[in-house]
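The values are calculated or read from the model by the stated rules, or taken from the named source; none is laboratory data. These numbers were taken from a predicted model, which means no experiment stands behind them. Every residue, glycine as well, gets a Cβ built from its backbone with ideal geometry; the counts of neighbours run over all protein chains shown.
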């Protein structure tokens, strides 16, 4: 009898840790879309954090200025997302923009383009190999997205330093 009760308790405990009843399993596309949307939110906050008069700030003469960092992300997003061959229309990015409003809009548009392309994909098409450039080479569409996410994190880190050098706490580091 004790063995039956212990076995029952063990089974109940095991099933109880399996997750809530009726929970949906994640799909590659929904996770990519969530990560992409979360990164857009973070990047929009850091782009807005620098006052417009400091968009030309560079940490050293050899570096991109703050606005150019944002345009680098926007341009990179659009350049690599074109390899998807999707139906969504790529936004025009003025890589020479200097006005904060135009730069921030370019960033938002690049992420919206990515969201539209991810939404077009199936699980199968997301794993299909597309030809990219000589830097990334043949890659699945999913790999292209994760490459862009990683690239953007790299630029985010540089932008956080620019903010701190100007006495501004990056949005992700601010405390209520």
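What the table below lists for this structure:
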read-out: Unique residue being surrounded by 14 or more Cβ atoms within 10 Å (Cβ to Cβ) and either closer than 19 Å to residue 143 by Cβ or modelled with pLDDT under 95 (or both) when the list is 117, 107; value: 117
read-out: Some residue of segment 88-97 being at pLDDT 95 or above, part of a helix (DSSP H, G or I) and surrounded by 20 or more Cβ atoms within 10 Å (Cβ to Cβ); value: no
read-out: Residues being out of contact with any helix residue (DSSP H, G or I) (no Cβ under 8 Å at 6 or more places or on another chain) and in a loop (DSSP other than H, G, I, E, B) - total across segment 155-176; value: 4
read-out: Single match in 81, 149, 136, 107 (criterion: over 17 Å from the mean Cα position of the chain (by Cα) and touching a residue at least 40 places away in the same chain (Cβ under 8 Å)); value: 136
read-out: Residue that is surrounded by 11 or more Cβ atoms within 10 Å (Cβ to Cβ) and part of a loop (DSSP other than H, G, I, E, B), where the choices are 152, 132; value: 132
read-out: Residues located in segment 98-129, provided they are touching a strand residue (DSSP E or B) at 6+ places or on another chain (Cβ under 8 Å) and assigned to a loop (DSSP other than H, G, I, E, B); value: 127, 128
